[in-house]
Amino acid sequence: MENSWNLSKIIKNNKEFDKLISECESLINKLISYKGKITKNSKTLYEFLKLEETLNRKYEKLYVYSYLNYYSDMTNDKFKNLTLKVNNLGEKISDNLSFILPEMMECDYKTIKNYIKENDLLSEYAFSLEQTYRYKSHTLSKAEEKIVANATNAMGLCDEAYSALNNADVKFEPIKDEKGKVVELNQSNYSVYIKSKSSKVRKSAFMSMHNFYKEHINTISNLYLGDIKEHYFVSNVKKFNSPLEKSLFSDKIKPELYDLLIKVVNENLPLLHRYIALKKKMLKSKDFHIYDVYIEPLKVKNKKVGYDKCLEMIYDALAPLGKTYITDLKKGIASGWVDVYPKKGKRSGAYSWGSYDTLPYLSINYENDYSSVDTLIHELGHSMHSYYSNKCNNYSDASYPIFLAEIASTVNEMLLTKYMLNNTKDKNEIKKYVFELLESIRTTIFRQTMFAEFERDIYDKYNNGVSITSEELNSTYYNLNKKYFGENIIIDEEIKYEWARIPHFYTPFYVYKYATGLIVSLIISDKLIKEEGFKEKYIKFLSSGGSDYPLNILKKLGIDITKKETLESAFKIFEEYLNILEKE
């Protein structure tokens with residue numbers, strides 16, 4: 001079994017790399033020759049789409065190969081240079097082929113549908129073309145599109161400025177750790193200190209971080225307001241009813257689902273309040289503050305788990321997915337999907353990534369503990385989703401949308417939790433696994449929906465003429481925290497600045513997908529255990545890729561999240577596990 005990548009499976013050597021670069025440059029020129037005649041007839045359209053696909057697939061191989069090499073050893077300048085070459089090629093593609101979409105939009109979609117009827121070869125691009133032409137009524141003339149592009153480039157500086165402030169220029173006041181040693185607080189280690197066993201350390205970390213955003217709150221408020229104005233400008237010019245409608249348009253989702261999610265979560269806030277009360281009780285805390293909410297109340301020894309044992313646990317935990325899934329997973333791991341162990345220069349964290357013509361490569365820094373098992377099974381969910389999507393679809397339909405992207409990974413996590421609960425009689429371990437599941441739901445469904453509600457409320461206020469000042473932003477966010485967390489916790493005033501540290505707000509109406517993704521995962525993992533024959537439906541779901549709109553793909557699985565009762569079923573699962581923890 002290979003425990004590290006063999007990236008020569010993608011591209012053998014530098015000679016082949018340079019050859020692929022040249023081929024891409026040649027394809028750019030061939031595509032340019034179609035300028036003015038892309039949609040001339042069905043034959044020309046098919047030839048063009050096939051050429052464009054060939055270019056994209058070669059470019060994606062180059063991109064994945066260069067960056068996976070670079071992420072394997074970020075100290076190696078040779079790999080860094082590969083990424084620079086690929087990025088230069090990407091700019092060349094973007095600059096030379098910007099004519100494609102405006103030109104295609106000049107053709108009526110009825111003509112395109114007639115081409116598909118008369119030329120069977122075009123059928124593999126049918127859904128892709130449908131997705132493209134959905135934007136026709138929201139596409140302007142070439143001259144107008146250029147004006148909008150220039151305007152958004154200028155307005156997009158708000159996002160760039162915020163990113164610079166929140167990353168390069170951020171500086172928190174030092175704090176003292178549990179041993180009294182002065183340490184520098186940063187974005188990375190904040191998550192460590194906010195979970196410290198010491199209340200003093202947690203408070204210091206909380207105050208230090210939020211004081212930075214307090215000091216810069218007027219600047220950040222104006223940057224966020226500028227970003228809101230940009231999104232209203234674009235949605236209005238592009239003839240959308242709102243930025244929310246524009247954000248949901250690509251997935252063919254209506255704003256009603258967004259509102260329904262917030263409504264159902266609000267109706268189930270008493271469950272979150274019960275959980276917070278229980279956590280306070282478990283911590284034996286009289287003064288339970290908002291900065292105490294991340295602390296682990298259970299003391300359970302972190303067992304050592306070697307990599308071979310980890311794989312055994314994963315195969316057993318995922319048994320409900322069936323023999324075919326396990327066989328394919330074992331073959332994938334044996335063939336070198338996973339780069340397992342930490343090494344000098346290797347990128348931190350874990351991820352699964354690849355292209356249509358590569359393996360679904362996975363990187364983890366395995367530390368021989370249960371946390372690493374949980375991380376690996378999560379990333380393997382992504383890899384298996386990509387494996388089945390690529391295997392079962394044409395290139396144009398293979399890539400699954402972001403809306404569905406976190407489902408397979410979190411289903412795997414849920415199955416691991418259920419497996420661990422079924423294979424221990426240790427009461428502390430049972431409490432640990434149940435607590436971790438409930439905490440995942442709190443941070444993903446409740447917290448991300450609170451973010452979604454904040455976005456919706458602020459955008460609505462702006463649209464209704466309310467001045468979006470720092471005071472308005474702070475009070476809106478503070479009041480949402482009070483509503484979501486309830487009466488069993490002290491909502492410290494500094495939490496009102498937390499909104500200012502959330503970069504996702506600069507990609508509006510995005511975070512709700514985390515909540516819907518986990519809701520669907522809870523339902524799926526429950527059905528996999530309880531419903532005969534559901535695993536076959538689930539494999540078909542994994543194999544659907546992006547061959548249909550996400551809600552349609554889920555409906556084929558028997559899950560309609562536009563219905564209130566579907567969303568509510570996730571909270572019944574939450575209550576089921578909350579009852580277990582309360583009992584224990």
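The values are calculated or read from the model by the stated rules, or taken from the named source; none is laboratory data. Because the structure is a prediction, the values reported are computed rather than measured. Every residue, glycine among them, receives a Cβ derived from its backbone with ideal geometry; neighbour counts consider all protein chains shown.
Structure summary
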{"quantity": "Selected residue (criterion: modelled with the highest pLDDT) from residues of region 398-436 that are of a type in the set (Asp, Glu) and farther than 23 Å from Tyr510 by Cβ", "calculated": "Glu436"}
{"quantity": "Residue that is nearest to Tyr478 (Cα to Cα) [pool: residues in region 178-207 that are surrounded by 17 or more Cβ atoms within 10 Å (Cβ to Cβ) and not aliphatic (A, V, I, L, M)]", "calculated": "Phe206"}
{"quantity": "Matching residues in region 57-106 - criterion: being among the hydroxyl-bearing types (Ser, Thr, Tyr) and within 27 Å of the chain's Cα centre (by Cα)", "calculated": "Tyr59, Tyr63, Tyr65, Ser66, Tyr67, Tyr70, Tyr71, Ser72, Thr83, Ser94"}
{"quantity": "Residue within region 56-72 that is free of Cβ contacts under 8 Å to residues at least 24 places away in the same chain and farther than 24 Å from Ala350 by Cβ present", "calculated": "no"}
{"quantity": "Boolean, Asp287 is of a type in the set (D, E, K, R), in a loop (DSSP other than H, G, I, E, B) and in contact (Cβ under 8 Å) with a residue 12 or more places away in the chain", "calculated": "yes"}
{"quantity": "Odd one out for Lys431 among (1) farther than 25 Å from Ser247 by Cβ; (2) buried (at least 20 other Cβ atoms within 10 Å of the Cβ); (3) of a type in the set (D, E, K, R)", "calculated": "(2)"}
{"quantity": "Lys496 vs. criteria surrounded by fewer than 22 Cβ atoms within 10 Å (Cβ to Cβ) and either within 18 Å of the chain's Cα centre (by Cα) or in a helix (DSSP H, G or I) (or both)", "calculated": "no"}
{"quantity": "Residues (within 18 Å of Asp374 (Cα to Cα), within 23 Å of the chain's Cα centre (by Cα) and either part of a strand (DSSP E or B) or not aliphatic (A, V, I, L, M) (or both)) located in region 333-347", "calculated": "Trp337, Val338, Asp339"}
{"quantity": "Close pairs from region 75-103: first under 19 Å from Leu55 (Cα atoms), partner of a type in the set (Gly, Ala, Ser) and in a helix (DSSP H, G or I), Cβ under 6 Å, at least 6 apart", "calculated": "Leu82/Ser66; Thr83/Ser66; Val86/Ser66"}
{"quantity": "Selection status of Tyr549, of a type in the set (Phe, Trp, Tyr) and within 20 Å of Ser386 (Cβ to Cβ)", "calculated": "yes"}
{"quantity": "Output for region 507-542, where each listed residue is outside any helix (DSSP H, G or I) and surrounded by fewer than 19 Cβ atoms within 10 Å (Cβ to Cβ)", "calculated": "Thr507, Tyr510, Glu531, Glu532, Gly533"}
{"quantity": "Criterion violated by Arg347 - all others in (1) touching a Phe, Trp or Tyr at 6+ places or on another chain (Cβ under 6 Å); (2) buried (at least 17 other Cβ atoms within 10 Å of the Cβ); (3) not hydroxyl-bearing (Ser, Thr, Tyr) satisfied", "calculated": "(2)"}
{"quantity": "From Ser4, Ser66, residue being part of a helix (DSSP H, G or I) and hydroxyl-bearing (Ser, Thr, Tyr)", "calculated": "Ser66"}
{"quantity": "Which numbered condition Val148 misses (of (1) over 23 Å from Pro503 (Cβ atoms); (2) among the β-branched types (Val, Ile, Thr); (3) free of Cβ contacts under 8 Å to residues at least 60 places away in the same chain)", "calculated": "(3)"}
{"quantity": "Yes/no for Thr327 being at pLDDT 95 or above and surrounded by fewer than 18 Cβ atoms within 10 Å (Cβ to Cβ)", "calculated": "yes"}
{"quantity": "Selection within region 544-584 - under 29 Å from Arg274 (Cβ atoms), assigned to a helix (DSSP H, G or I) and β-branched (Val, Ile, Thr)", "calculated": "Thr566, Ile573, Ile580"}
{"quantity": "Search result, residues across region 75-97 that are outside any helix (DSSP H, G or I) and surrounded by 14 or more Cβ atoms within 10 Å (Cβ to Cβ)", "calculated": "Leu97"}
{"quantity": "Positions within region 245-263 being assigned to a helix (DSSP H, G or I) and crowded, with 19+ Cβ neighbours inside 10 Å, in sequence order", "calculated": "Lys246, Ser247, Leu248, Tyr258, Leu261"}
{"quantity": "Subset of region 299-321 (residues that are in a loop (DSSP other than H, G, I, E, B) and surrounded by 16 or more Cβ atoms within 10 Å (Cβ to Cβ))", "calculated": "Val305, Leu318"}
{"quantity": "Search result, residues across region 397-424 that are outside any helix (DSSP H, G or I) and under 20 Å from the mean Cα position of the chain (by Cα)", "calculated": "Ser399, Tyr400, Pro401, Glu406"}
